[in-house]
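Asker: Following this message is one structure expressed as structure tokens.
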Amino acid sequence: MTPVILLAAEKESAEVTDWAARIGWVVGLALFVALVYWLMREGWRWRGTLQGDLPELLTAPDEPGEARLSLSGRYHGSTTAGQWLDRIVAHGLGARSRVELTLTDAGLDVVRPGATDFFVPADALREARLDKGIAGKVLTEGGLLVVTWEHGGRLLDSGFRSDRAAEHNEWVETLNQMINKTETEGAR
């Protein structure tokens, strides 16, 4: 035999996988991910505790009146007014969901399947505008309907996105007219 063939026959293949080390890394990574999710959940709950002074949300009156406007789309959350990253999580206001908005002379009825519904009386509405973002959601300029309202002495911004974004301008105009009318009547 030639020396080259003998050298090749004496070599052994290297161990392909160290299963104990691999399992250890996978378990360690899974524990780390679980810890991060647990810390996020605790942070969310802590934020809700800090916002515990916010009173319970109002429900729609039995006779809210005739609907001026209605909209179906998504509710993207509520924040402290003017601070688009300060999400309000108390009473379920931080949970994204589908939404059915109805504007009546009594106020704004927010129906959220799978989440807490709430009602904003007409005298609590402060402003409506088009914006590009709210905590956790950024869209193109003017892609989000933001309604500013007062609850428990605190001003809140709530963000909505219609399934038909062309409706946003009509909502802003109608809400702002309604707010100006309410303020004018209140000043008398």
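Asker: With unit charges on the beta carbons (Lys and Arg positive, Asp and Glu negative) and the dipole taken about the Cα centre of the chain, which residue among Asn176, Leu101, Ser162 sits farthest to the positive side?
Answerer: Among Asn176, Leu101, Ser162, the one farthest towards the positive end of the dipole of the chain is Ser162.
Asker: Are there any helices in the chain, counted as whole DSSP H runs, that stretch 20 Å or more along their axis by Cα and score at least -1.0 on average by Kyte-Doolittle, and if so which?
Answerer: Numbers: long enough: 19-50 (46 Å, 0.71); 168-187 (28 Å, -1.11).
Answer set is 19-50.
Asker: Still on this structure, please answer the following. Would you please give the residues with an amide H less than 5 Å from that of Lys132, counting only those at least 5 places away or on a separate chain, with H modeled from the backbone geometry?
Answerer: For Lys132, whose amide H was placed from the backbone, the distant partners under 5 Å are Gly142.
Asker: Over all directions, how big on average is the projection of the convex hull of the alpha-carbon atoms in the chain, in square nanometres? Walk me through the numbers on the way to the answer.
Answerer: Working: hull surface 74.1 nm².
Over every viewing direction, the Cα hull of the chain projects on average to 18.5 nm².
Asker: Any chance you could look up the accessible area of Glu100 with a 1.4 Å probe, heavy atoms only, rounded to 10 Å²?
Answerer: Surface open to solvent at Glu100 totals about 90 Å².
Asker: Based solely on its DSSP helices, what 222 nm [θ] is calculated for the chain when runs of n ≥ 4 H residues each add -39,500 (n - 2.57) and the sum is averaged over all residues, nearest 500 deg cm²/dmol?
Answerer: Values: 3 runs with 60 residues, N = 188.
After summing the helix terms and dividing by the residues of the chain, the value is -11000 deg cm²/dmol.
Asker: Considering only protein heavy atoms, what is the solvent-accessible area of Ile23 at a probe of 1.4 Å, reported in Å² to the nearest 10?
Answerer: Here the accessible area works out near 100 Å².
Asker: Taking the Cα centre of each part, how many Å lie between the stretch 158-173 and the stretch 26-40?
Answerer: Each part reduced to its Cα centre gives a spacing of 39 Å.
Asker: Continuing with the same structure: How far apart, in nm, are the 7 Å Cα→Cβ label points at Leu139 and Arg96?
Answerer: 1.2
Asker: What is the magnitude of the charge dipole of the chain about its Cα centre, with +1 placed on the Cβ of each Lys and Arg, -1 on the Cβ of each Asp and Glu, and no other charges, expressed in debye to the nearest 20?
Answerer: Numbers: 20 positive and 27 negative charges, 98 e Å.
Result for the chain is approximately 480 debye, rounded to the nearest 20.
Asker: For labels at Leu31 and Ala166 in the simple 7 Å Cα→Cβ model, what's the distance in nm?
Answerer: With each label point 7 Å from Cα toward Cβ, the separation is 5.8 nm.
The values are calculated or read from the model by the stated rules, or taken from the named source; none is laboratory data. Just so it is clear, the model here is predicted, and its values are computed rather than measured. Neighbour counts run over all protein chains shown; Cβ positions are idealised from the backbone, glycine included. Heads up: the accessible areas ignore ligands, DNA and RNA and are worked out on the full protein's heavy atoms, side chains in. Shrake-Rupley method; radii C 1.70, N 1.55, O 1.52, S 1.80 Å.
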